[in-house]
1. List the GluC sites (Glu not before Pro) within segment 154-211 that fall in a DSSP loop (any state other than H, G, I, E or B) and whose Cβ has at most 11 other Cβ atoms within 10 Å.
2. For labels at THR424 and ASP202 in the simple 7 Å Cα→Cβ model, what's the distance in nm?
3. What's the Cα-based Rg to Rh of the chain, Rh via Kirkwood?
4. Per q in 0.10, 0.14, 0.21, 0.25 1/Å, what log10 I(q)/I(0) does a Debye calculation on the alpha-carbon atoms of segment 331-430 return?
5. Fully extended, how many nm does the chain gain between ILE301 and LYS337 (0.36 nm per residue separation, minus their Cα-Cα distance)?
6. How far, in nm, would the chain grow between MET164 and PHE124 when pulled straight, counting 0.36 nm per residue and subtracting the alpha carbon separation?
7. For a protection proxy built on the mean count of beta-carbon atoms within 10 angstrom, sort 67-75, 280-288, 326-334 highest first, please.
8. Quick one: helix 318-344 against the long Cα principal axis of the chain, what's the angle to the nearest 10°, folded into 0 to 90?
Amino acid sequence: MKPILSSVPAAPISRRAFLRGTGVALALPFLDAMWPQRAGATETAIPKRLVAVCTSLGIYGPALFPKETGRDYASTQYLDILKEHRNEFTVFSGLCHPDQAGADGHSSEMTWLTSARHPGLGGFRNTMSLDQFVAEKIGVETRFPSLTMGTSGVSQSYTRSGVMIPADSSPSKIFAKLFIEGSAWEVEQQMHKLREGQSIMDAVSDEAKRFSARVGAADRDKLDEYFTSVREMEQRLVKTEDWAKKPKPKVDAKPPEDIKNEADLIGRMQLIFELVPLAVQTDSTRLITILVQGRGDVPPIEGVSMDHHNLSHHGQDPEKIRQLELIETAEMGALNKLFNALKQKTEAGTPLMDNTMVLFGSNLGNANSHDWHNLPILLAGGGFKHGQHIAYDAKENTPLSNLFVQMLQKMHVEADQFGSSTATSVPGLV
């Protein structure tokens, strides 16, 4: 007969608890037993998080923006991919940062989270990004004040002095940073074990069993779900590494000159997205930025034969638009999987998504002409009143920073102004 386990732990469990074994440590997710009020934690006890994802080559507007405003809008090609989460996100149109004409058509990439004017021109100095502004206030409460990730080494996170924080672009290294603790040699040894099929869970299994015996049934189910997620992430990382080492097939045909298949953009994007719920669930950080750059890449997507940058400058060519939509459909599919993960995982009886804001969009409203007006912006989760299309004037755009201020307030960061903001709230969102 199995022993009867109490639903109340014998001793308080730290909200930063780790399982340790053979030189490594695995962070634990938030469990009911970690909350200050066991019978029902208050809203303020649950941390608020911000995840900001920018696709630097824009999002094709006609496939994204609804024609109607409010809650009864007719869905669109891209929003159909997210239809199961319709009530968890809001679409915005008519937003931009003022004065974004810069050194070149892509200079606004530097300022999506800062709103600094005239990027890249003489005398330009960037300002602090939204995530780093929050990190100054609450960063000390987590192991990592923020996580800056991307499909290349470029990021959208900038310090108070306007210096870019380089992005981590290796999912396996990010995973190691998040979940493997020890010396550089110990970390490398554990990564070697992963390649040999030995999970981190193997190293901490005995302690995991003892820990599971201290908590109630709901927490044991949550631990089992989390441990399974860790194993699955490890397996995907190893498979990705294996593919990188395998030689590409040789063909007699000469490829078109405009194909430069240097990386799997969607695959890297997906792997990075899969790290987000793990980082959030363990409270490793509450601030994550992700820059998705497809410039010069031909993602291995069926039906795509031209590089992403070329397709973004489609010139209204139907074939280029068709291929561009294939790439962006895959991007929206990756976003949908992120939403699924954040909605399915829970803390204190509520989905992670309820306390995690996901800002998704681009610094270009029309990449075809490098136009930085009418940016594609989608905000999900975080406890807002979603399920709507909020449209501002398409010609006289409202500052995107107004939304940033609203997000700061939801993060419990006292601020009535950020960047180029002109208001402290977004009507209808709260």
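1. GLU196
2. Reported label-point gap for THR424 and ASP202 is 5.7 nm.
3. Rounded to two decimals, Rg/Rh equals 0.98.
4. -0.32, -0.62, -1.22, -1.40
5. The ILE301-LYS337 span can extend by a further 11.2 nm.
6. Going from the current span to full extension adds 13.0 nm.
7. Most protected by this proxy first, the peptides run 280-288, 326-334, 67-75.
8. 30
Every read-out reported here was derived from the displayed coordinates using simple, explicitly stated rules and does not represent laboratory data. Not measured: the values here are computed from a predicted model. Don't worry about glycine lacking a Cβ; one is built from the backbone with ideal geometry, like all the others, and counts go over all protein chains shown.
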